[in-house]
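Down below is the structure, laid out as structure tokens.
Nothing in this text is a laboratory measurement; each read-out follows from the coordinates by a stated rule. Nothing here was measured: the structure is a model prediction, and the numbers come from that model. Note that each Cβ is placed from the backbone with ideal geometry, even for glycine, and that neighbours are counted across all protein chains shown.
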Amino acid sequence: MPRPRNALPSYRLHRQSGQAVVTVRTPDGRRRDVLLGPYNSPESKAEYERVLAELRVSPTATPSLPDRRLDLTVAELALAYLRYAEGYYVGPDGKPTSTLTGVRLSLRPLRQLYGHTPAREFGPLALKAVRQKFAESGIGRVEVNRRTRVVRRAFKWGVAEELVPANVYHALAAVEGLRKGRSELSEPAPVRPVEVEHVRATLPYLPPTVAAMVEVQLLTGMRPGEVCLLRPADIDRSGSVWLYKPGHHKTAHAGRDRVIAIGPRAQAVLAPLLPADPAAYVFSPAAAEAARNAGRGDRRVTPLWPSHARRNARKRLKVRPRPLGEHYSRLSYHKAVVRGVEKANADRHEVPDGHHGPSLPGIPHWHPNRLRHTHATEVRRQFGLEAAQVALGHAKANTTEIYAEKNTALAVEVAARLG
């Protein structure tokens, strides 16, 4: 026997907005949530008591409830959307993704300029004013458009949650993004492939673990995040070519599978580093730190006196202010490579070279993302665009063209013969 329905609706918390909510029945039998005001506030409880009083008089009638969407401010909407984003933009490890940082940066100027403005009164001119605030902060055109879309998306979410009238979002949708060449904002420099000779010149100045990460990424075309999260449990080593299926990757939310082929050369780099625990990460900062300390001991010139050994033992007992992570992050990997380039350039200025004068030519700045472009360009040169698309795991070939530089050798040959 089904439980009888309570005739009086309950006073509840609307988690997305932090307000009190009551659910009533409309004349056609549908459910309708109406916000009463800040949760546990005297005003919201007074509104709730008024609703109960009307229902006690006429249980079949719909109470005359005010539309709390008229009282919601932009700051309240921004806070509600931020709470939603904190629960939505979370990785498999339970940690916030980089998207959440972008949401916070986008909502901050919105609250500063229009925090006390009713959300229903926020229109296209206000959105343009927030966009101008983004532009004045010194970021480029692409990032300005990205943050403006976050603000628009917050109001879209508010419409879906019945916090904001639908016409507000429809008006904001009419504001187009800034076009390339139509604004004075800077444009992002395109990411180009890094020369292999520059990578080879940097490797001796990188920690051995980071150098192995660079070589694997160069040989396989992995994303920096994919090489950081490499584990034996995710690698199928049954065939001559290993198949790496990352547990988490950039397009996993779209339902796409990602399979990375690891050939013999990359296998030779990985084999000595594979941990015994299949669930452990291959590239561990703790392992890199242990290898670095062991190398320092081997290079020691002065004798290791007992007092030195006791002092080192005491230092090892101290708790690190920031414990080493289980695996490298994209940011720590990036910083390690940048430091390696800086060390290589400093060394080149100190070592004279007979072919280039007093010092060797400097290594241009490069970062791990460019290794993926280098791999894609080489695959496209040897096997064509479709092969590069498969190697990078792209759904569309036009995305691959961003990563794989066109090979102009064929055009030069045609021009030499026919031009």
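Across all directions of projection, what mean area in square nanometres is found for the Cα convex hull of segment 124-265?
Numbers: hull surface 53.8 nm².
Reported value for the Cα convex hull: 13.4 nm².
For E43, E215, E54, which order do you get if you count the other beta carbons within 10 Å of each Cβ and list the fewest first? Please report the intermediate quantities before stating the final value.
Numbers: E43 12, E215 21, E54 16.
With the sparsest Cβ surroundings first, the list reads E43, E54, E215.
Report relative contact order for segment 190-290 in percent, whole number only (criteria: Cα-Cα under 8 Å, sequence separation at least 6). List each step's numbers first, then the result.
Values: 107 pairs, mean separation 31.3, N = 101.
The normalised contact order for segment 190-290 reaches 31 percent.
Neighbouring Cβ atoms within 10 Å as the yardstick, rank S238, S186, S332, S44 fewest first.
On the way: S238 7, S186 12, S332 15, S44 20.
By the 10 Å Cβ count, ascending: S238, S186, S332, S44.
Relative to a virtual label point 7 Å from the Cα of R381 in the Cα→beta-carbon direction, which members of segment 195-233 show backbone nitrogen distances below 16 Å?
195-200, 218-221
Rank the residues R372, R83 as a footprinting-exposure proxy: fewest other Cβ atoms within 10 Å of their Cβ go first.
Numbers: R372 25, R83 14.
So the residues, fewest neighbours to most, are R83, R372.
Could you order the peptides 166-173, 229-236 from most to least packed, using the average number of other C-beta atoms within 10 Å per residue? Write down the numbers at each step before the final one.
Working: 166-173: 15.9, 229-236: 18.2.
By packing density, highest mean first, the sequence is 229-236, 166-173.
Find how much the distance from L203 to A279 grows on full extension, using 0.36 nm per residue of separation minus their present alpha carbon separation; answer in nm with one decimal. Don't jump to the answer; show the numbers that get you there.
Details: separation 76, 0.36 × 76 = 27.36 nm, distance 2.76 nm.
Stretched fully, the L203-A279 segment lengthens by 24.6 nm.
If you take every residue apart from T117 with its C-beta less than 11 Å away from the C-beta of T117, what net charge results, scoring Lys and Arg +1 and Asp and Glu -1?
Working: positive: R111, R120; negative: E76, E121.
Every neighbour counted, the sum reads 0.
Modelled label-to-label distance, E121 and K335, 7 Å Cα→beta-carbon offset: nm?
A separation of 4.6 nm, rounded to one decimal place.
Step through the table entries K315/K343; K95/K335; K315/K335; K45/K128, compare each Cα-Cα distance with 31 Å, and write down the pairs that go over it. Can you show the working numbers first?
Working: K315/K343 27 Å; K95/K335 21 Å; K315/K335 26 Å; K45/K128 38 Å.
As for pairs spanning more than 31 Å Cα to Cα, those are K45/K128.
Compute the distribution of all C-alpha to C-alpha distances in segment 74-172, in bins of 10 Å from 0, and list the percent of pairs in each, rounded to whole numbers.
16, 50, 29, 5, 0
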